[in-house]
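Have a look at the structure below, then the notes.
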Amino acid sequence: MQLNRRNFTGGLTALAFAGFAQHSSLANTGKALSHKGYGPLQADPNGLLDLPEGFSYSVISEFRGAMSDGNRVPDRADGMGCFAMPDGKIALVRNHELKVGHFDDGPFGDVPPTLATYDHREDGKPLVGGTTTLLLDEQTLAVEREHLSLVGTIRNCAGGTTPWGSWLSCEEDMTRAGDGVKRDHGWVFEVPAAHEGLVNPVPLKAMGRFNHEAAAVDPATGIVYLTEDRNDSLFYRFIPNVSGKLAEGGKLQAMAFASDAVDNDSRNWGTVTFKPGSWQFVRWIDVTDVESPKDDLRDRGASNGAVKFARGEGIIYGDGEFYFCCTNGGAAKEGQIMRYRPSRFEGQEQEADAPALLQLFMESSDRRQFSYGDNITIAPNGHLIVCEDQYSDTVDNYLRGVTPRGEAYALGRIKVQTEPAGACFSPDGKTMFVNLYSPTKTLAISGRWNKAS
């Protein structure tokens, strides 16, 4: 059977109440290591990225390459989103996870701009974290324009696309004004994919100040789901006052299990409290003082019953469900993937009558299967694709495919000492774009995406 997004995310509605408590398979326990995927990886003669037979890549952008606006491609390319544009074009909006001291790895020459910059260092130089935008021909993949689109932020790690054509760029940083910079950080910024030049950098403060990682929007409701990269992180949702207009404010909440009898720790460190494959009903609790000058959102949320996660990372939406990675979760601390199914009354008063569900979809027990999953996307055949981000001195990072049964396989192997990041597909599903973090390289990968076993 050929799989698709509907196959991958469907099938829950027929399950009865009791069925949610124990739904597991060999794959969910982290013991399945032999799924064939697209076949064995072939050695790359260029020593960059091994891929299965029938796949190939091209480098479309790289560190310090000249951009159309006179700037140069910054380093540390991380999260990225792809957008359909008019006249057969597509746009990529790409994060750059640059810190305060990374000015020389940024986009500027000797005379950086002062306008449309969110923040500056104490020496007057602009902060260089932010985003770049590429406009490509969807058929030829030729880059027709490349420019800086957000600047003056810190450690723009991941983010997410919106149904209204923008990228939510998330700061994974909690630097305060006076600590070498002039403004507080830890915000989400919105970057319209069609905007040419630098956007006006407006922090979406109602979405909370915390160590942001990624974001995903439910197109049916406009609710934004947010991950946090901390060892004791929470999983958040933002209910906007006006769908599609995030700058007009809204309500921030954190996920909790519906039953007080269930341990609110999903990490499975030491004691397994959330069995792989199992489901739990959830509820949402309000988070107050969301601008969090003390960086204590997660502490206050957990004290009110919010679930703790092990470094929430990439999140992806597909046909009514969300999947997000927890980088070092699990008994082996090799990583977990969570699966969230919203209530049919999501964000409404009636949702307690039909609560949402959270599943520990997959937990790795073996580094060879899956290790430190970070950014995540869904392939045209319905398989998840996860970017590994290992933390050992010598890394051996893979692009991992994950089937609807939770079986992991190798899709690509990075042959240089960096991580893959920002995996996303073109609107026609023919090309997957992925970044090599540092030095920045953005790759376009073509192949037989519908042919995995």
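Examine the stretch 148-167 for a residue that is open to solvent by less than 30 Å² (accessible area, probe 1.4 Å), closer than 21 Å to GLY208 by Cα, assigned to a loop (DSSP other than H, G, I, E, B) and modelled with pLDDT of 95 or more, and state whether such a residue exists.
Among the residues of the stretch 148-167, at least one is open to solvent by less than 30 Å² (accessible area, probe 1.4 Å), closer than 21 Å to GLY208 by Cα, assigned to a loop (DSSP other than H, G, I, E, B) and modelled with pLDDT of 95 or more, which makes the answer yes.
Run down LYS182, LYS205, LYS125 and say which single residue is farther than 20 Å from MET432 by Cα, touching a helix residue (DSSP H, G or I) at 6+ places or on another chain (Cβ under 6 Å) and open to solvent by 50 Å² or more (accessible area, probe 1.4 Å).
One residue alone meets the criteria, LYS125.
Test LYS275 against the stated conditions and say whether it is open to solvent by 50 Å² or more (accessible area, probe 1.4 Å), out of contact with any Ser or Thr (no Cβ under 6 Å at 6 or more places or on another chain) and in contact (Cβ under 8 Å) with a residue 40 or more places away in the chain.
Answer is yes for this residue.
Given (1) in a strand (DSSP E or B); (2) closer than 26 Å to ASP289 by Cα, where does GLY401 come up short, assuming only one miss?
Going through the list (1) in a strand (DSSP E or B); (2) closer than 26 Å to ASP289 by Cα, GLY401 breaks only (2).
Could you list, in sequence order, all residues of the stretch 354-370 that are of a type in the set (Asp, Glu) and modelled with pLDDT under 95?
Residue satisfying the conditions is ASP366 alone.
Go through the residues of the stretch 4-14 one by one and say whether even a single one is at pLDDT 50 or above, open to solvent by less than 40 Å² (accessible area, probe 1.4 Å) and among the β-branched types (Val, Ile, Thr).
no
Please determine whether any residue of the stretch 203-213 is under 30 Å from LEU127 (Cα atoms), assigned to a strand (DSSP E or B) and modelled with pLDDT of 95 or more.
The answer is yes; a qualifying residue exists.
Give me the pairs, please: first residue somewhere in the stretch 173-199 and more than 13 Å from THR117 (Cα to Cα) and touching a residue at least 60 places away in the same chain (Cβ under 8 Å), second residue anywhere and surrounded by fewer than 22 Cβ atoms within 10 Å (Cβ to Cβ) and hydroxyl-bearing (Ser, Thr, Tyr), beta-carbon distance under 6 Å, and either six or more positions apart or on two chains.
Taking only residues 6 or more apart or on different chains, the pairs are HIS185/THR175.
Residues are listed down the side, and each one gets a yes or a no for (1) of a type outside the set (Val, Ile, Thr); (2) surrounded by 15 or more Cβ atoms within 10 Å (Cβ to Cβ); (3) assigned to a strand (DSSP E or B); (4) at pLDDT below 95:
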site: SER243; (1), (2), (3), (4): yes, yes, no, no
site: VAL282; (1), (2), (3), (4): no, yes, yes, no
site: GLY314; (1), (2), (3), (4): yes, yes, yes, no
site: ARG339; (1), (2), (3), (4): yes, yes, yes, no
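Can you name the residue in the stretch 404-441 that is of a type in the set (D, E, K, R) and in a loop (DSSP other than H, G, I, E, B) and is also nearest to LYS451 (Cα to Cα) among such residues? Before you say what the answer is, go through the steps one by one.
Initial filter on the stretch 404-441 (of a type in the set (D, E, K, R)): 405, 407, 413, 415, 419, 428, 430, 441.
Among the residues that remain, those that are also in a loop (DSSP other than H, G, I, E, B) are: 405, 407, 415, 419, 428, 430.
Values: ARG405: 17, GLU407: 16, LYS415: 24, GLU419: 26, ASP428: 16, LYS430: 12 Å.
Out of the qualifying residues, it is LYS430.
Which pairs have Cβ atoms under 7 Å, sit 6 or more apart or on different chains, and link a residue in the stretch 321-345 that is farther than 23 Å from ARG283 by Cα to one that is assigned to a strand (DSSP E or B)?
Hits for this filter: THR327/GLU313; THR327/GLY373; THR327/ASP374; GLY335/CYS325; GLY335/CYS326; GLY335/GLY373.
Considering only residues that are open to solvent by 10 Å² or more (accessible area, probe 1.4 Å) and polar (S, T, N, Q), look in the stretch 378-414 and name the one that is nearest to LYS36 (Cα to Cα).
GLN390
Filter the stretch 31-73 down to the residues that are among the charged types (D, E, K, R) and open to solvent by less than 50 Å² (accessible area, probe 1.4 Å), then identify the one that is farthest from GLY429 (Cα to Cα).
If we take residues in the stretch 31-73 being among the charged types (D, E, K, R) and open to solvent by less than 50 Å² (accessible area, probe 1.4 Å), then ASP44 is farthest from GLY429 (Cα to Cα).
The values are calculated or read from the model by the stated rules, or taken from the named source; none is laboratory data. Since this is a predicted model, take the numbers as computed values, not measurements. Virtual Cβ from ideal backbone geometry, glycine too; neighbours counted across all protein chains shown. Heads up: the accessible areas ignore ligands, DNA and RNA and are worked out on the full protein's heavy atoms, side chains in. Shrake-Rupley method; radii C 1.70, N 1.55, O 1.52, S 1.80 Å.
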